[in-house]
Amino acid sequence: MSRILAIDFGKVRTGIAVTDELQIIASGLTTVATSELIPFLKNYTQKEKVALFLVGLPKQMDNTDSESEVLILPFLEKLNKQFPQIPMQRVDERFTSKMAFQSMIDSGLKKNQRKNKALLDEISATIILQSYLNNL
């Protein structure tokens, strides 16, 4: 089988999570500089089969698009152009950053470790992916 890859897109950094090949377990993969995201995905998809890209959909509380959606749309066009054979799906990412931060606290990370924004982005991508899997 192949993996599902989740993307928590950010202006500077992007968190990435993947499933196992049976698409049962979501695990954080890494955080990459957003400027290096497409090359990273090219390299990753050459090594691993990816069945689906999940991309976070930032929404406001009133269900309107967040300001960051303007940054994500050009990325989605590039993603579709580079990987036309891999379908893409958007997933509501409301509260994932807060949930990721809380999971850092719950796991016992010290205060200065919780300032690691790259880890926060990776955990957020994992939460996006796990919520998708839970709703299958």
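Here are a few things to note about the model shown:
- Listed conditions (1) surrounded by 12 or more Cβ atoms within 10 Å (Cβ to Cβ); (2) at positive phi are all met by ASN63, apart from (1).
- Restricting the stretch 66-84 to residues that are assigned to a helix (DSSP H, G or I) and of a type in the set (D, E, K, R), the residue that is surrounded by the most Cβ atoms within 10 Å (Cβ to Cβ): GLU69
- Matching residues in the stretch 26-60 - criterion: being loosely packed, with under 12 Cβ neighbours inside 10 Å, modelled with pLDDT of 95 or more and part of a loop (DSSP other than H, G, I, E, B): LYS49
- Test for THR45: is it more than 13 Å from the chain's Cα centre (by Cα) and not charged (D, E, K, R): yes
The values are calculated or read from the model by the stated rules, or taken from the named source; none is laboratory data. Just so it is clear, the structure is predicted and the values come from calculations on it, not from any experiment. Virtual Cβ from ideal backbone geometry, glycine too; neighbours counted across all protein chains shown.
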